[in-house]
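Here the structure is laid out as C-alpha cells; the discussion comes afterwards.
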C-alpha cells in the first residue's frame, strides 16, 4: 500500500493514490523532480562510500584518505548555496601539545581561509562544523571524541559577546553503526553527565541550548530539541528527538543526510539575516524531497533522548499556524543510565495529555 500512496505532505492524513510509475499524484507532480534529485544525490554518496571502501582494501589506508568522504559530505550540504566555502580547520588544544583537526568547516569566503583550511575558528567561528566518521566496526569512543569536538565549537561560539550560534553535526557513515542504535543513544546521554547543556540567550527573543545540533547515522538521526514538563509550562529541558528513516524509503540509509541538510539550509537562511528562526524549516510541498514519503513505515514509536536527568513526563511543543500549540506527550521508559535515571522517553499517544491544545 505504501508504494501506491502519494508522497506529498500537502495531503495531511488523507491517502491519495500516486500516478502509476511515480511517487506523487497528478496534482503534486511538481514535487517529483525534487524527489528524484535528492535520490540521485544520496545515491552518489552511496556510490562514493562503495568506491572508498574498495580503494581502502588495495593497501593500508593513508591517514588522509578519509578526507575523500569529508569532501563528499561537505559538497552535499552546500549544493543549494554554491557561494559558500568548505574545507577543514585546526584548533589549539588546551590539554595537549598538538592542534586538533576539525573535519568539515562551512563558511563564507573571507580572508581567514588559507587554501582549503579555515583559520582562527575560536574567536571568529564559522557557520558550520561537522565531524565525519566512517566505520566498518562499531566504535563508541569515536562518537565521544567527535561529539566533544563539535561541542567545543558550540561552547566557544556561545561564550563570545554577543553569543554566536554555530550549526554542528556528527556524521556517522558505514556499516559499523548498524544494529547499535541503543548503544549510540546511551553514549549520547552519558556524555552529557559531565557537560550538561546550558541555555544561551541569543537576543531579546531567541535562545538555544549549547550542544550539537545533529547526530546522523545510517537509517536514523538525533536532532536537538526543547521540551517542557507540562502542557503550557514555560520550563525547558534539552533532548534529542530520534528520527528514524521510513522503511519504505528507497534511500532509507542515507535519508538522514537529506533531512539534516534541510535543517542546515533553514539555519543558514536565518543566520544570514542575523536571527534564529524557530518557525517551520520548510513547506509541506518540500517535505517529500527532504523527509521522504508522507505515509511512513517506521521501526518504532517516536522516542526522545534526554540530555539531562529530566522529569518523568516531557512534552514537545508543536506550534500551529492557526495560532495554537499542540503538546506531544512522552514518558520515561525503563532504560536507566549509570545514575539510575531514565534517559529514553517514548511517545504516549493513548495518554489524555497527548495532543492537548492550548491557544496562544
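Remark: residue 78 matches the filter, which requires a residue to be under 22 Å from the mean Cα position of the chain (by Cα) and under 20 Å from residue 254 (Cβ atoms). One residue stands out among those in the range 186-207 that are assigned to a strand (DSSP E or B) and out of contact with any helix residue (DSSP H, G or I) (no Cβ under 8 Å at 6 or more places or on another chain): the one that is surrounded by the most Cβ atoms within 10 Å (Cβ to Cβ), which is 207.
Considering 251, 241, the condition of being part of a loop (DSSP other than H, G, I, E, B), closer than 25 Å to residue 11 by Cβ and modelled with pLDDT of 95 or more is satisfied by 251 alone.
Which of the residues belonging to the range 25-62 are in a loop (DSSP other than H, G, I, E, B) and more than 29 Å from residue 171 (Cβ to Cβ)?
Once the filter is applied, which keeps residues that are in a loop (DSSP other than H, G, I, E, B) and more than 29 Å from residue 171 (Cβ to Cβ), the range 25-62 yields only 25.
Residues in the range 177-185 include at least one that is over 22 Å from residue 263 (Cβ atoms), assigned to a helix (DSSP H, G or I) and within 19 Å of the chain's Cα centre (by Cα). For the range 31-68, residues that are closer than 24 Å to residue 294 by Cβ and free of Cβ contacts under 8 Å to residues at least 40 places away in the same chain total 4. Per the conditions (1) under 29 Å from residue 250 (Cβ atoms); (2) modelled with pLDDT of 95 or more; (3) touching a strand residue (DSSP E or B) at 6+ places or on another chain (Cβ under 8 Å), the sole criterion not satisfied by residue 29 is (3).
In the range 148-176, the qualifying residues are those that are in a loop (DSSP other than H, G, I, E, B) and touching a helix residue (DSSP H, G or I) at 6+ places or on another chain (Cβ under 8 Å), and the one that is farthest from residue 259 (Cα to Cα) is 163. Kindly provide the set of residues from the range 264-289 that are touching a strand residue (DSSP E or B) at 6+ places or on another chain (Cβ under 9 Å) and either buried (at least 17 other Cβ atoms within 10 Å of the Cβ) or at positive phi (or both), ordered by number. Of everything in the range 264-289, those that are touching a strand residue (DSSP E or B) at 6+ places or on another chain (Cβ under 9 Å) and either buried (at least 17 other Cβ atoms within 10 Å of the Cβ) or at positive phi (or both) turn out to be 264, 267, 268, 271. If you go through the range 309-324 and pick out every residue that is over 23 Å from residue 260 (Cα atoms) and at pLDDT 90 or above, you end up with 6.
If only residues of the range 296-320 that are without any contact (Cβ under 8 Å) to a residue 40 or more places away in the chain and part of a loop (DSSP other than H, G, I, E, B) are counted, the one that is nearest to residue 16 (Cα to Cα) is 320. Going by the structure shown, is residue 292 surrounded by 15 or more Cβ atoms within 10 Å (Cβ to Cβ), on the phi > 0 side of the Ramachandran plot and either modelled with pLDDT of 90 or more or in contact with a strand residue (DSSP E or B) (Cβ under 7 Å, 6 or more places away or on another chain) (or both)? Considered against the rule, which asks whether it is surrounded by 15 or more Cβ atoms within 10 Å (Cβ to Cβ), on the phi > 0 side of the Ramachandran plot and either modelled with pLDDT of 90 or more or in contact with a strand residue (DSSP E or B) (Cβ under 7 Å, 6 or more places away or on another chain) (or both), residue 292 comes out as yes.
The values are calculated or read from the model by the stated rules, or taken from the named source; none is laboratory data. Predicted model, so just to flag it, every value in this text is computed and none were measured. Because the Cβ atoms are built from the backbone with ideal geometry, glycine has one as well, and the counts that use them run over all protein chains shown.
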